[in-house]
Amino acid sequence: MNANELINYRLSRALETYEEALILRRENHWNASANRLYYACFYAVNALLLKKGISCSTHNGVKSEFHKSFIKSEIVSKQSGRLYSRLFNS
């Protein structure tokens with residue numbers, strides 16, 4: 001799988017996982033919904049990092065690189081960074 005295919009795969013997984021979170025929320029499965037929201041963000045952030053040629057082997061590495069490459073440089077808002085961190089820690 002080349003880089004563009006992997007990026008597209010991660011984005012499709014992000015969307016699919018977000019849709020799962022919405023279904024779980026409708027059924028009042030709040031913890032499972034929060035888990036799916038985290039993974040939706042994780043897949044999307046992975047796609048962003050891959051677009052910049054950055055690959056990480058751990059969830060913590062993804063979080064660190066995201067903040068370094070996108071939040072500190074203000075490409076992505078600090079509010080979005082805080083949301084990702086809160087989901088990561090939940």
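The values are calculated or read from the model by the stated rules, or taken from the named source; none is laboratory data. Small disclaimer: the values here were computed from a predicted structure and weren't measured. Every residue, glycine among them, receives a Cβ derived from its backbone with ideal geometry; neighbour counts consider all protein chains shown.
Name every residue in the range 34-76 that is among the polar types (S, T, N, Q) and touching a Leu at 6+ places or on another chain (Cβ under 9 Å), in order of residue number.
Of the residues in the range 34-76, the ones among the polar types (S, T, N, Q) are 35, 46, 55, 57-58, 60, 64, 69, 73.
The answer is 35, 46, 55, 69.
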Q: Just one of (1) touching a helix residue (DSSP H, G or I) at 6+ places or on another chain (Cβ under 8 Å); (2) among the charged types (D, E, K, R); (3) not in a helix (DSSP H, G or I) trips up residue 36, so point out which.
A: (3)
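Out of 5, 74, report the one residue that is more than 10 Å from the chain's Cα centre (by Cα), of a type outside the set (Val, Ile, Thr) and not in a helix (DSSP H, G or I).
Numbers: 5 fails: not in a helix (DSSP H, G or I).
Only one candidate passes the filter, namely 74.
Do the conditions hold for residue 25, that is, is it assigned to a helix (DSSP H, G or I), surrounded by 13 or more Cβ atoms within 10 Å (Cβ to Cβ), out of contact with any Pro (no Cβ under 6 Å at 6 or more places or on another chain) and charged (D, E, K, R)? Give the steps one after another, and end with the answer.
Numbers: assigned to a helix (DSSP H, G or I): yes; surrounded by 13 or more Cβ atoms within 10 Å (Cβ to Cβ): yes; out of contact with any Pro (no Cβ under 6 Å at 6 or more places or on another chain): yes; charged (D, E, K, R): yes.
Taking the combined requirement at face value, the residue satisfies it.
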Q) (1) crowded, with 18+ Cβ neighbours inside 10 Å; (2) modelled with pLDDT of 95 or more: which one isn't true of residue 7, the others all being true? A) (1)
Q: Could you please give the count of residues in the range 28-63 that are hydroxyl-bearing (Ser, Thr, Tyr) and over 12 Å from the mean Cα position of the chain (by Cα)?
A: 4
Q: Just need a number here: residues in the range 28-55 that are buried (at least 16 other Cβ atoms within 10 Å of the Cβ) and of a type in the set (D, E, K, R).
A: 1
Q. Can you name the condition, by its number, that residue 44 falls short on among (1) modelled with pLDDT of 95 or more; (2) of a type outside the set (Phe, Trp, Tyr); (3) not in a helix (DSSP H, G or I)?
A. (3)
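So that you can scan it fast, the table gives a plain yes or no per residue for (1) within 18 Å of residue 15 (Cβ to Cβ); (2) in contact (Cβ under 8 Å) with a residue 12 or more places away in the chain:
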| site | (1), (2) |
| --- | --- |
| 33 | yes, yes |
| 40 | yes, yes |
| 43 | yes, yes |
| 48 | yes, yes |
| 52 | no, yes |
| 58 | no, no |
| 65 | no, yes |
| 71 | no, no |
| 74 | no, no |
